[in-house]
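The values are calculated or read from the model by the stated rules, or taken from the named source; none is laboratory data. All values reported here derive from a predicted model rather than from experimental measurement. Methodologically, a virtual Cβ is constructed for each residue, glycine included, from the backbone with ideal geometry; neighbour enumeration extends over all protein chains shown. With ligands, DNA and RNA removed, areas are computed over all heavy atoms of the protein, side chains included. Shrake-Rupley method; radii C 1.70, N 1.55, O 1.52, S 1.80 Å.
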Amino acid sequence: MRAINLRHLRAFLAVAEHLHFTKAAEAVYLTQPALSALIRTLESDLGVRLLERNTRVVELTPIGREFYKNVQKLLVEFDEAI
């Protein structure tokens, strides 16, 4: 298992908020393939599916919605601490 880092979490947060990989990639200054790779790695490391996606729709899974709440809180607290 690789270490999950802030880059993974910020990438997930962007996708969860935009529900669109291209827009999320732009928001975090990554290419769409790089963002997709980060999300795949995150899901693989966690052993869960956070997003349901096809060519037209991106949605959070129930686990993804719960994870989003926690990541959002964690990153707000982290940014405040910094």
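Take the residues in the stretch 1-41 that are among the aromatic types (Phe, Trp, Tyr) and either out of contact with any helix residue (DSSP H, G or I) (no Cβ under 6 Å at 6 or more places or on another chain) or under 18 Å from VAL76 (Cα atoms) (or both), then tell me which one is least open to solvent (accessible area, probe 1.4 Å). Among those that are among the aromatic types (Phe, Trp, Tyr) and either out of contact with any helix residue (DSSP H, G or I) (no Cβ under 6 Å at 6 or more places or on another chain) or under 18 Å from VAL76 (Cα atoms) (or both), it is PHE12.
Taking each residue of the stretch 22-39 that is at pLDDT below 95 and looking for partners that are loosely packed, with under 14 Cβ neighbours inside 10 Å with beta-carbon atoms closer than 8 Å, six or more apart or interchain, yields nothing. Scanning the stretch 17-50 for residues that are in contact with a strand residue (DSSP E or B) (Cβ under 9 Å, 6 or more places away or on another chain) and on the phi > 0 side of the Ramachandran plot gives a single hit, LEU19. Scanning the stretch 42-67 for residues that are at pLDDT 95 or above, more than 13 Å from HIS8 (Cβ to Cβ), open to solvent by 30 Å² or more (accessible area, probe 1.4 Å) and not in a loop (DSSP other than H, G, I, E, B) yields GLU52, GLU59, LEU60, PRO62, ILE63, ARG65, GLU66.
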